[in-house]
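Asks: Sharing a structure here in structure tokens format.
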Amino acid sequence: MSNKAHRDTIFLESAEILAHQAYDGAQYVLQVRAPRCAATARAGQFAHLQCAPSLAMRRPLSIMRTDPATGRVDFLYKAVGTGTRLLAKRKPGEQISVLGPIGQPFQPDTARSRPLLLGGGVGIPPMVFLAGELLATAGRNQGFSPLVLMGSEVPFPFTRQPSKIMVPGIPDGVIAAMPLLEDLGIASRLASLQDYAGCYQGYITDLARCWLEAMDERQRAQVEVFACGPHPMLAATAALAAEFDLPCQVSLEEFMACAVGGCAGCVVEVETEQGPAMKRVCVDGPVFEAQSVFR
């Protein structure tokens, strides 16, 4: 895809920081007012933020939520390096340079009424965004019942809440949910190896297997899988989807420099109809068909 395809779709804005909340595990939720990004962003896209005036290199952050009416854009990130640690010091009222939205979004098949969304760690934000997007486009369709599974090895960046939404196939006692999704009427469950109360003790792909195995063939035919998270999690998700013959889209996490397709520093090998090709995660992705990447 040429850079011209993205002309007039990526915006550079001086955004006001509206709120900046710290959570355990060096995690932060950043809210900014970036109206042009908020108006056009889709689930799976990201923005490139200048973390501090003293640091020229931007950092890519997945978009977690938008409110086009107010121009608000929310990001969840973890402070793990120089840039994100500087970003963590930014205060409400300050201005921050935001370049976005960038990349190819998820392309859900709204005819499938049982989307399965898997988010691991900082891969959680696109799943929250996608869940809201699905609800807005298909939520009123009869039988629409998405499930969002989230995994983390540090405390979740929200207060866990016992779910009131029953989900067949989920093991007894696995009741912890994300309050935001619970309030929207979207079923969610949490998984971790850290023995958090109410969470599944294991990987989210193992929890997804429990859910899939409890279905009959007709129900599984309504499932489409979406995932974002660490590479091993995405590989396991792709393998699980292939085992159950399910369509699956994954959002890749790669180090980026320019993030707009110019430097080709984030390329991955992807299988295409013409054979293997090197694709840029920033603009050709970050969303790809799972089997084109994990074969």
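So that you can scan it fast, the table gives a plain yes or no per residue for (1) of a type outside the set (Lys, Arg); (2) assigned to a loop (DSSP other than H, G, I, E, B); (3) in contact with a Pro (Cβ under 9 Å, 6 or more places away or on another chain):
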site	(1), (2), (3)
Leu149	yes, no, no
Glu153	yes, yes, no
Pro157	yes, yes, no
Lys164	no, yes, no
Val167	yes, yes, no
Asp172	yes, yes, no
Leu180	yes, no, no
Asp183	yes, no, no
Leu190	yes, no, no
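Residue-wise test of (1) crowded, with 18+ Cβ neighbours inside 10 Å; (2) of a type in the set (Phe, Trp, Tyr); (3) at pLDDT below 95.
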{"position": "Leu134", "(1), (2), (3)": "yes, no, yes"}
{"position": "Gly139", "(1), (2), (3)": "no, no, yes"}
{"position": "Gly143", "(1), (2), (3)": "no, no, yes"}
{"position": "Ala177", "(1), (2), (3)": "yes, no, no"}
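Asks: Then there is this: Which one of Ala43, Ala19, Ala47 is touching a Gly at 6+ places or on another chain (Cβ under 6 Å) and either in a strand (DSSP E or B) or in contact (Cβ under 8 Å) with a residue 60 or more places away in the chain (or both)?
Replies: Ala47
Asks: Against the condition outside the structural domain of Pro157 (by TED's automatic domain parsing), part of a loop (DSSP other than H, G, I, E, B) and in contact with a strand residue (DSSP E or B) (Cβ under 7 Å, 6 or more places away or on another chain), how does Gly83 come out, does it pass?
Replies: No; evaluated as a whole, the condition is false for this residue.
Asks: Here is a further query. Filtering region 252-295 down to residues that are small (Gly, Ala, Ser) and either touching a Gly at 6+ places or on another chain (Cβ under 7 Å) or in a loop (DSSP other than H, G, I, E, B) (or both), which residue is farthest from Thr237 (Cα to Cα)?
Replies: Here the residue is Gly262.
Asks: Examine region 205-220 for a residue that is part of a loop (DSSP other than H, G, I, E, B), closer than 20 Å to Pro108 by Cβ and at pLDDT 95 or above, and state whether such a residue exists.
Replies: Yes, that holds for at least one residue.
Asks: Could you check how many residues of region 65-79 are crowded, with 24+ Cβ neighbours inside 10 Å and in contact (Cβ under 8 Å) with a residue 60 or more places away in the chain?
Replies: Total meeting the criteria: 2.
The values are calculated or read from the model by the stated rules, or taken from the named source; none is laboratory data. Treat the numbers as computed from the prediction; the structure is a model and nothing was measured. Glycine gets a Cβ as well: all are built from the backbone with ideal geometry, and neighbour counts include every protein chain shown.
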